[in-house]
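Colleague: Below you will find the structure I want to go over with you.
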Amino acid sequence: MVLHMPFSALHQDLDERASLGLLRQRRMLQSPQSPHIDIEGKSYLSFCSNDYLGLANHPQLIAALQQGAADYGVGAGAAHLVSGHAQVHHELEIALADFVGKPAALLFSTGYMANLGTVQALVGRGDTVFADKLNHASLNDAMQLSRATVLRYRHNDIGHLAELLEKTGSGRKLIITDAVFSMDGDMAPLPGLLALCERHDAWLLVDDAHGFGVLGEGGRGSLSHFGIASPRIVSMATLGKAVGVSGAFVAAEQVVIDTLINHARSYVYTTATPPALANAVLASLHLMEQGEDMRAHLQRLIAQLRSGFHELPWKLMPSNTAIQPMLVGDNQQTLNLSEGLSERGIWVAAIRPPTVPQGEARLRITLSAAHRAGDVTRLIEALHELAR
C-alpha cells in the first residue's frame, strides 16, 4: 500500500495565497537594526522597524549585554521557578515596576507569551473578556484560550463597550486593549476605559507594546501619556521595540503578579530569558528616561511626514504615533508600491489581510528617533515619483 504525504492541500493553500497577493516571505537582514540596513546584499533606507528610539544598536546597550554575558553566561538554563531566575532578572523587575509606578513586575520571554499567560491566569470559565476588535493577535489568542466568554466591541467605541458591560452579570470582567494599535497607529481611549472599569468592577489589561518608551514622561508609556493610574490596571509592555532589546513584562498589583507566577503557563513552563538581556534592558531604561530629545525629534519627523502627504493620492491614517500607515486598499497595488520603493532603495513593508481587514492593505511606515529629516524627505519624494 502506497501512502501519499498530505502536502497537496498545503501547496494549494500557498498557491491560493500567492494568487491573491497574500503570500508571506522572509528577507534576510545582514546588518544591525538602524535606519540604514543591508538586506541580501543591498542597502536600504528602512521605515519598517519598531526600534522607535534607535536603541537596538546603541553602544551602551551592546556594552551592557557583553558585561551581562561575562557575569551570567549566555543561557538562563532553566525556568524562573527552577533555577533560572538570576539576580539581574530580579533587579530588572524591581526597576520596571518603579519605572511605570506599579507595585510589582514580572518578566516574560515575549509580549505574545505575556498576553497569553496573563489573560489565562486572570479569567476562565464563568468570566467575561471584553476586547477591542482591532486588538493584537496575541490578545485574541489569549482570550480564546482562556475559556472565558468573549465579547468584542467596535474599535475604540466606548458606548458599545458600555452596552456590553451593562448586559453582563456575574463573574470576573476583564477589558483588554492595545494602547497604541500596531497596524493603525491610533490610541485607545484609556481614561474612558478605566472609568468603565470603575463603574462595572472590572480589570483593564493594557498592551503598551508600541507606547512604552515613546509616550509619556520619560517614555513611561501610554498610561503616563494620559496621566492615569489605578490598581485595576494590568500593564504589559515589550522590551524589543522602543527599548531595543528583547522580552516583555507585566506590571500590576503584587497579588496579580503572584497569581501570574503561580498560574501563567507561559511563564511557569518556559526557560527564563538570558540574564545578559536583562542587563541590557537596565541600561536602556536609563537612556529612555533621559531621552526627551529623542522623543521630541521623533515627533518632528512625524509632523514632517504627514505634511508631505498633502498632494499624494494615498492618505495616511489618523495617527500621532511613530506608526504611520498609508492606506492603499488593493493587495497587489500595495505590493507594487512596496516593490517600487525597494527599487529606489527604501524598505517599507506591505501589510495585507488577514493582518488587516479585507480591502485595507497598506504600507506601514514606522519612524525612529534615529531617522534624520533628510531620510523622511527621501521617502516623500519617492512616493511622489511613484504617484506620477
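We did not get these values from a lab; they are worked out from the coordinates using the rules stated. Remember, it's a predicted structure, so these values are computed and weren't measured experimentally. Every residue, glycine as well, gets a Cβ built from its backbone with ideal geometry; the counts of neighbours run over all protein chains shown.
Colleague: Of the chain, which part is the longest with no GluC sites (Glu not before Pro) in a loop (DSSP not H, G, I, E, B) and with at most 11 other C-beta atoms within 10 angstrom?
Modeller: Numbers: sites that count: E40, E311.
With GluC sites (Glu not before Pro) excluded where exposed in loops, the chain gives 41-310 as its longest stretch.
Colleague: So how many Å³ per residue does the convex hull of the Cα atoms of the range 328-388 work out to? All intermediate terms of the calculation are to be shown ahead of the outcome.
Modeller: On the way: hull volume 4.8 nm³, N = 61.
Taking the convex hull of the Cα positions in the range 328-388, it is 79 Å³ per residue.
Colleague: Could you line up L301, L145 from fewest to most neighbouring Cβ atoms inside 10 Å?
Modeller: Details: L301 20, L145 12.
Least to most surrounded, the residues fall as L145, L301.
Colleague: Per 0.36 nm of contour for each residue apart, how much would the distance between D98 and S43 grow if the chain were fully extended, relative to their Cα-Cα spacing? Can you show the working numbers first?
Modeller: Working: separation 55, 0.36 × 55 = 19.80 nm, distance 4.05 nm.
Here the answer is 15.7 nm.
Colleague: Could you run the Debye sum over the Cα atoms of the range 18-71, one equal point scatterer each and no solvent, and tell me log10 of I(q)/I(0) at q = 0.29 Å⁻¹, two decimals?
Modeller: Each listed q maps to, in turn, -1.08.
Colleague: Arrange the following residues from fewest to most other Cβ atoms within 10 Å of their Cβ: S83, S342, S146, S222. Before the final figure, lay out each step's value.
Modeller: Values: S83 11, S342 16, S146 21, S222 27.
So the residues, fewest neighbours to most, are S83, S342, S146, S222.
Colleague: Moving to a separate point now. Normalized C-alpha radius of gyration of the range 1-116, against 2.2 N^0.38 Å?
Modeller: Numbers: Rg = 21.4 Å, N = 116, 2.2 N^0.38 = 13.4 Å.
Against the empirical 2.2 N^0.38 Å value, I get 1.60 for the range 1-116.
Colleague: Please state the relative contact order of the chain as a whole percent: Cα pairs under 8 Å, 6+ residues apart?
Modeller: Numbers: 760 pairs, mean separation 86.6, N = 388.
For the chain, the relative contact order is 22 percent.
Colleague: With both partners inside the range 59-289, how many of the DSSP beta bridges are antiparallel, as a percent to the nearest 5? It would help to have the intermediate numbers written out before the result.
Modeller: On the way: 11 of 29 bridges.
Around 40 percent of the beta bridges assigned by DSSP in the range 59-289 are antiparallel ones.
Colleague: Here is a further query. What is the extension gain from E343 to A162, computed as 0.36 nm multiplied by their sequence separation minus the C-alpha to C-alpha distance, in nm to one decimal?
Modeller: Working: separation 181, 0.36 × 181 = 65.16 nm, distance 4.86 nm.
Separation in residues times 0.36 nm, less the Cα-Cα distance, equals 60.3 nm.
Colleague: Of the options A104, Y52, L20, report the single residue whose Cα projects farthest towards the positive end of the charge dipole of the range 1-117 (beta-carbon charges: Lys, Arg +1; Asp, Glu -1).
Modeller: Among A104, Y52, L20, the one farthest towards the positive end of the dipole of the range 1-117 is L20.
Colleague: Let me ask something additional. Could you pull out every one of the lysines with an alpha carbon less than 24 Å from that of K173, ignoring same-chain neighbours closer than 8 positions?
Modeller: Hits, sequence-local ones excluded: K102, K133.
Colleague: Subtracting the Cα-Cα distance from 0.36 nm times the residue separation, let me have the gained length for L29 to R265 in nm, one decimal.
Modeller: Details: separation 236, 0.36 × 236 = 84.96 nm, distance 3.27 nm.
81.7 nm is the gain from fully extending L29 to R265.
Colleague: Pull out a ≥ b ≥ c, the square roots of the eigenvalues of the alpha-carbon gyration tensor of the chain, then state rounded if a/c is under 1.5, prolate if not and a/b is larger than b/c, and oblate in the remaining case.
Modeller: rounded
Colleague: If you don't mind, another one. Hey, if you drop one equal point scatterer on each alpha-carbon of the range 118-206 and run the Debye formula without solvent, what base-10 log of I(q)/I(0) do you get at q = 0.22 Å⁻¹?
Modeller: Scattering profile of the range 118-206, log10 relative to I(0): -1.06.
Colleague: Under the rule of -39500 (n - 2.57) per DSSP H run of 4 or more residues, summed and divided by the residues of the chain, what mean residue ellipticity at 222 nm is obtained, to the nearest 500 deg cm²/dmol?
Modeller: Numbers: 14 runs with 159 residues, N = 388.
That calculation yields -12500 deg cm²/dmol at 222 nm.
Colleague: Another question about this same structure. Calculate the FRET efficiency for Q12 and Q333 from the Cβ-Cβ distance with a Förster distance of 22 Å, rounded to the nearest 0.05. Could the numbers behind the result be given before it?
Modeller: Working: r = 25 Å, r/R0 = 1.15.
Here the calculated transfer efficiency is 0.30.
Colleague: If you don't mind, there's one more thing I want to ask. Nearest 5 percent is fine: what portion of the DSSP beta bridges confined to the chain is antiparallel? Could the numbers behind the result be given before it?
Modeller: Working: 27 of 47 bridges.
Of all bridge pairs located within the chain, approximately 55 percent are antiparallel.
Colleague: Treat each spin label as a single point 7 Å out from the Cα along the C-beta direction, and report the A229 to A137 distance in nm.
Modeller: Label at A229, label at A137, 3.6 nm between them.
Colleague: How many percent of Cα pairs in the range 59-289 exceed 26 Å? Numbers along the way, then the final one.
Modeller: Details: 8824 of 26565 pairs.
So the portion of pairs separated by more than 26 Å is 33 percent.
Colleague: Is the range 37-184 best put as rounded, prolate or oblate by its Cα gyration tensor, with a ≥ b ≥ c the root eigenvalues, rounded for a/c under 1.5, and otherwise prolate when a/b is larger than b/c, oblate when not? Each step should come with its number before you reach the end.
Modeller: Details: a/c = 2.51, a/b = 1.50, b/c = 1.67.
Oblate is the answer for the range 37-184, as a/c is 1.5 or above yet b/c matches or exceeds a/b.
Colleague: Between R388 and N57, take the C-beta separation as r, use R0 = 35 Å, and let me know the FRET efficiency to the nearest 0.05.
Modeller: On the way: r = 35 Å, r/R0 = 1.01.
Efficiency, from the Cβ-Cβ distance: 0.50.
Colleague: OK, next. Sorted from largest down, give the three principal axis spans of the alpha carbons of the range 277-335, whole angstrom values.
Modeller: Ordered largest first, the range 277-335 gives principal extents of 45, 24, 14 Å.
Colleague: In angstroms, what radius of gyration and Dmax does the range 158-279 have, counting Cα atoms only?
Modeller: Cα only, the range 158-279: 15.5, 48 Å (Rg, Dmax).
Colleague: Another question, if that's okay. Along the principal axes of its C-alpha atoms, what lengths does the range 150-199 span, in descending order and rounded to whole Å?
Modeller: Answer, in whole Å and largest first: 34, 20, 18 Å.
Colleague: Still on this structure, I have one more. Counting Lys and Arg as +1 and Asp and Glu as -1, each charge on the Cβ, what is the dipole of the range 59-289 about the Cα centre in debye, to the nearest 20?
Modeller: Details: 14 positive and 21 negative charges, 116 e Å.
About 560 debye.
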